[in-house]
């Protein structure tokens, strides 16, 4: 918004060109609706073994019926996951709501 000095100068400049002149400020609200839609891209995933696998026997009382053995295998892995993350922004039309005009001497200051 212009300060009052600039507005007065604009009015003075008009006075030299026209018989009658005035300076009017228009108050309005503008609205723009938009949408942000994120996206992601996943590249080819690669898996690598790291270190040797570990076999961990499960503890069971000795002399089990049916002679079953339980164990767990642990393996450290390195997984490369290439990710791309971004967003598309869609902006709709602009809408204007005219709220009325106010005389220059009623313009609020900053």
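The length gained on full extension between residue 87 and residue 25, counted as 0.36 nm times the residue separation minus their Cα-Cα distance, comes to 18.5 nm. If you plug the beta carbon distance of residue 80 and residue 36 into 1/(1 + (r/R0)^6) with R0 = 22 Å, you get a FRET efficiency near 0.15.
A short reminder: the numbers here are calculations on the coordinates, not readings from a lab. The structure presented is a predicted model; accordingly, all values stated were derived computationally and were not measured. When we count neighbours, we look across all protein chains shown, and the Cβ atoms used for this are built from the backbone with ideal geometry, even at glycine.
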